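The structure under discussion appears below in the form of structure tokens.
Every number here is computed from the coordinates shown, using simple stated rules; none is lab data. What you see is a predicted model; the values in this text were computed from it and never measured. Neighbour counts run over all protein chains shown; Cβ positions are idealised from the backbone, glycine included.
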Amino acid sequence: MRCPIETGESAELLLAYCARKLDADSMAILERHIGICPACREFAGGQRAVWEALDAWEASPVAAADFDRRLYRRIEQEVSWWDRMMRPVRPLLFRQGLPIAAAAGLVIVAGVLLERPASVPMAQAPVSAQVDIVAPEQAEHALQEMEMMREFNRLVHPDAAEPKM
Amino acid sequence: MAERVKTDVGSVIAALDCDAELMLRVKEGDGASFGVLLDKHRSSVVHFLYRMVQNAPVAEELAQEVFLRVYRSRSTYQPTAKFTTWLFRIATHLALNSLRDGKNERLQERLDDDSSGMPVRQISDSRPSVEQYMVFQARLDEVRRAVATLPEKQRAAVLMHKYEEMEYSQIAKVLSCSESAVKSLLFRAYETLRARLAHMA
């Protein structure tokens, strides 16, 4: 084996050796080398001493109940009334958000189209009078088409996940 | 395309890392999963922060802030890395800020005062003599001082390497640097510690 200090890989290899992270074969090879190489022996000895010294610095168990109680109190203080109100519907929003948003958008567009003719004189805008009759059907039709597309997509890609937000 | 790749990587990491999976459940409003994560990582985060700042009340306060930030970030969480990488990145960031802000200025005072509020490993003899206890405390004090003298990033790298048993690649992600930079940090840190602690062998 070539000396790890001479090849410049001393730190990584000898640290792994002292941390006992090497596989059994590498461990045995390095141990044999350390037996005949004073530089590596000194490095490994020093590193092992550091490792054992750090081992002695054991931390105490944390008072979990007290820690958690304080943490949850802080979390509760941060949760706004809006969050509390939205909490029950949040999972639904995450899963169904896109279709709901799309449907809501269509309803708003339909509403705008329905409102517009009322503010425009009939004589000046005959086309809008036509829209007045057709728009709700268009909106309904569009919603039906969206549903059909979604069904179609499910049939074509049965394994595909639900669309994410 | 890039977004899709990112999502795919995220789903793979979530599948491999059960902590990431739990965090995704927290994202969907499952509070119990947050409790599981807290239970699993509370001690390691507090201990890491304690060894970083060497002040028990400050460490607990910082750990509270870590988990509070985890909870606050639940809605924007993406499993782009291991959960523990993200967790320790937050913890390290807070510890380094605390040290730089001087919130931990009583550190030296506490080191001189000793005991530090965190009990240590008991000597194996069930009834150690006063002399044994004092020798053990003196050695422990020496270890704590040696770690405290390390530059902050070297200290963080050593603590993650030694106590959290993190790989170089994970430490690199936590510290936002390259793997070779981590190796260099660890080499220099252990060199300093060997010079100060090798006589303990």
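Available extension along the chain between A:MET149 and A:TYR72 is 23.3 nm, counting 0.36 nm per residue and deducting the alpha carbon span. The modelled label-to-label distance for the pair B:ASN97/B:SER176, using points 7 Å beyond Cα in the direction of Cβ, is 1.2 nm.
Mean partner shielding of peptide A:63-72, defined as the number of other chain Cβ atoms within 10 Å of each residue Cβ, is 4. Any idea how far the Cα center of region B:174-201 sits from the one of region B:133-160, in Å? Here the two parts' Cα centres lie 13 Å apart. Averaged over the residues of peptide B:76-84, the number of Cβ atoms from other protein chains lying within 10 Å of each residue's Cβ is 0. Per residue of B:139-150, other chain Cβ atoms within 10 Å of the residue Cβ number 2 on average.
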